[in-house]
1. Calculate the spin-label point distance for Asn723 paired with Tyr1058, positioning each point 7 Å from the Cα along the beta-carbon direction, and give it in nanometres.
2. Could you work out the relative contact order of region 540-661? I mean the mean sequence separation of Cα pairs under 8 Å and 6+ apart, divided by the number of residues, in percent.
3. Modelled label-to-label distance, Leu186 and Val363, 7 Å Cα→beta-carbon offset: nm?
4. Take the Cβ-Cβ distance between Phe417 and Asp547 as r, set R0 to 51 Å, and report the resulting FRET efficiency rounded to the nearest 0.05.
5. State the Cα centre-to-centre distance between region 587-631 and region 680-725 in whole Å.
6. Taking the Cα atoms of region 374-432, what is the range of coordinates along each of the three principal axes, in descending order and whole Å?
7. Looking at region 219-276, which trypsin sites (Lys or Arg not before Pro) are DSSP coil and have at most 16 other C-beta atoms within 10 Å of their C-beta?
8. If you average the C-alpha positions of region 226-298 and of region 558-583 separately, how far apart do those two centres end up, in angstrom?
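Since every read-out is calculated from the coordinates, none of them should be taken as a lab result. These figures come from a predicted structure and were not determined experimentally. Every residue, glycine among them, receives a Cβ derived from its backbone with ideal geometry; neighbour counts consider all protein chains shown.
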Amino acid sequence: MSSETNKDGTVILLDKSTVETLSETSVQADDFEHQSQPESTNTENKNFFKGWKKTIFVDDSSNIKVTFHVYLPSFEFVEGYPIVVGNIEELGNWENPIVKLKQQEGEYLHFKSNYWYSDPISIPLDRFNNYEVKYKYAFFIPKPRIEGKSKFSLFTKHKSDEKKKYNDDDPDEGDLYSEENEQLRLLEKKTGFKFDIVQVFVIKTRRTEFRSLRDFVFTSIILNSITSDNFKDKIMEYQGLMDNFRNPVLHETDIDFISQNIQKTKSKEYEKRIFLCLLLGNYIHFRQESFSRFDLPNGFPVAQIIDTLEKFQSDLLPGEFYDALNITMTAAIRLNVINRSFDWLKLFKVASIINPHFSFIEVIQDLKYSNDRMKNFLIEYTKSAKSIVNQIKNLSIYSNIGRWLFYNCNSFEILLFIWTDIIEHTTERDIQLIKYFCLRVEQLISSSHATSLNNYYRSGSYDSNDSNFIYEIYYYLSIIFPIVGKHAKIFKDLLDVAAGRVKNCALSNISNILTITPVISTLEKEIHDSYGEMVKELLKNYINKIDNNVIRYLLQVCGCKNEVLFIQNGLSENIVYHVMTYLEAKDKIIKNNTNLSAVILKLLENYRFWSLIFNATGLVDNLYSHPYVKQVQGLIFKFDAVILREDITIRSLQEILEYDTEILYPFLNLSAEKEKISEVLIKNLRKNYHGYILKIEQLRSFYDNFCPIEKVKDVQNFLYDINNRNNNLGNLTLKETLADNHWDFHKKNIVTARKAHKWAKSHTFYNVFDRGLKFNSYYENELTVEYIAQTLMPAVFIEYNQLCQQYKEWESLKCSEGILIWKNVKDIEKELNLISDYIQTEKSPKLIKTLKYLSLVPTQIERLQQLSIVVDMFKITHTKDDWLERIVNQEALLIEWLGKLVNFFEIFNQHLGLINNDCWDLIKELSKASDFIVFLYKIAEHDIKNLVNSVDESSYEEDKVSSLIQVKQFLLPLLKSVERLSLKKFLIEISNITQQNAKLGSKVALCSSNNMALQNLYNSISNKEENTREKIRNAAKRGTYTFERDIKGDTCKVTLSYSTFRGTTKPSYSLTDLHDLRERAENYSFGSHRQL
């Protein structure tokens, strides 16, 4: 179905059957000579019929056959028909309308077509010998005949059943109107179709124009007329169409047209299919001119296009049509690649004909094939394309295809396969291809998308930064070494690219690089040397000091699985050597080794590293010859000599003995071929050091705890000596501490200090010692350290031992004896553990509980006494038989023996266990505040809040008055009801009060201690109020106001005075005094109203 676009944008299609019928009629022109006349022929028109038959059916092999196909304007407004006339007899000699044009009518046509065609016209060749054969299109209107029947009924088309009447005398008689065209049309001397479009006719006085080409079918006519015999002629006819009617042709032969026809044609109709390929190329080119790019749609029958092009022969078409075929081939290849098919590879052969530059690969530059798909592609390439490509002589074209193949490799495996199995090598080709090959190698190395070979690594998952990937890079560099190794600069560039890519892997994990060092060492020297330089450069940035990371790096470089450094190849040996160089440059301590002990401590800190180095095996000659290693070896040897001479200081000994013998023993013997420092020697070093430090601690503890500086006159000398020894450990050698006279200054104190050291933290022991110290201080004017060590402490040891022995039967001990040593002891169980060797009795829960109560006995007895005083003071109702009296009366008996102490506290806690410390504080202060309580009773009915306004601005005075107000506020309700309360309810009220004001006890204490001051203040305020009332009364009844004007200051001064009864000096009050009297009067008045 062809198509055309109107000016208004409407696309109108011509029915298929019409085009096919017209084409078949044209193809069978030779058969027309033997066919009968159409039924529409008028048999009475004998002259015209004979002329028409003569023109159409001349049987002469020296003739050409021409069929006219033309688009004409509409003739619906006039009766007649279009014709072709020309300057030869077969065309009517310009006058006879013997070549009539017809319209095809079909059941599928929905509009009257402007397309007209003639029957095939046979023209003798000799007509062209003498002159040019020319023709034009005309419209013939026959004259009406006298009778009703027309002689031209064959050519007349009636619109109705009405019969027209024309002239019967002359069948050619009528009016002939030619097309409006100054130039006549030239008929070429060849068989075929003649295609025209006539733009304008003027019939009579009316002008008719060709306006819309809706059903262009010229290309379809050519297509359907193609055979193997006339193919080249039809191609030329098509070229004529393109020359004259390019746009209509291209619009007719769109994708749908080509798709439908390529599927409709049979495989044996090869010429038609190749013609459709030509049409497709022209159409794609047309669309690309408008839209820059045009791709075949999915679903297009590209398989038929590929099959057709595959069979193309160079002699089938002239070379000028190859460009169109090349466009078709390129589009088909692109769609076939998108559809993930390899059929397009068949076209390499035809490409060598129609596109010898093989430029189609530019549009499929990136095939985006996976490794597996690329392998399958190369299999098909080998079958279909390899032999064709290898025949290419042009070096540039061949290298361009090679570059394209290299570019589509995503792994070294495929790349190497192409180089070795696909490329046909010559010296000239290799020179060109090597740069593209190396470029792709560089890209694969640099790309994070390069994949691992399944043949070598089948891990299931793959990380482009793992060791397998890194090894793959260098492995394939090794494989291609024979290819590019002779190109030194190129190969160096590849090695640099590989190093750069591998350095990127180090950003995530340098271990992936280091672990493959042993396998890299098996590759060519040029490769592993480059790798080694890259690793050394990386490690230089990673190594700052000796640590666990450095150890891990060395083990990975050597491929070691445990903590033994086995250097198995020269590459690893070289890297390890350079690591030692980097570490030496960073080690400032060893470089400036002025302090041997500090250096040894640093080496001990890094023992794991140095043990790894000195116990290394394999290729270790270079390692052990390294200056850094030799220097460390010498330092350890030197330190061993210091130990053996006992010249090591106590401070150094202290520092190195922080390490276990399992480390010290091998470390101190690292530099020796045989043992120099034995484990027995190290054990003795520990014993001597700890003995010395313990002796210092014992003496210091003795002097600090049992020789108080304020009582023992010479202890400062001993403490100074101990401090001096302790501060001089860095200079004191082991040999000096082992000297016989080293402890002479403390000789008399050492035994006692050692024995007392255990009791330094014992409170019970110190209680016994403290009692002895106080006793001796009373009789001795000046105590000395020697006296304490030689006399007092031995006596204390004896006494303490005797006291502790009594606890074997502790329940029969008196509490007074127990309090002696258990005074102020908080942690009973800890103390029992300290003296367990002396007491030698079971630590029963009852004993622990009893001893805890023992320390509370004085406090609780005191509290009971205070409570008893308060109860009497407040006259609380109780009897001699109540629990308070029982406890107080029996307390001496209850607390006499340790065994009964628990019973006492059970009774105490039963009645007073809920009384908290705040409540006991209040009871304590109340028991001492009897005078204050009397004062509190006195002011119970008075408002004392005005006292605050009468005190000085001193915060202390305000605190006293404020405390008085609070105490009165909380205790007043208790004072009013206390005589009606039982002892139990009294304690409840006291407890409630302290819950409201926890610090009330301290406020009672403050008021009690300032009782007289508060009473004086209260009395003063009371008298002052009465005096103020008297002054106000006198001022109101007898006062005289005097007003004086200050002329200079323009102010007025007022004073009040009145005479006294005794005749004394008159009181005088200024305005300020009067204001003060007024404020007092208001306060007293307000207070009186409140009381009311």
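1. Label at Tyr1058, label at Asn723, 7.9 nm between them.
2. Once normalised by length, the contact order is 29 percent.
3. About 3.7 nm, to one decimal.
4. 0.65
5. A separation of 38 Å, based on Cα centres.
6. 27, 22, 16
7. Answer in residue order: Lys266, Lys268.
8. 73 Å
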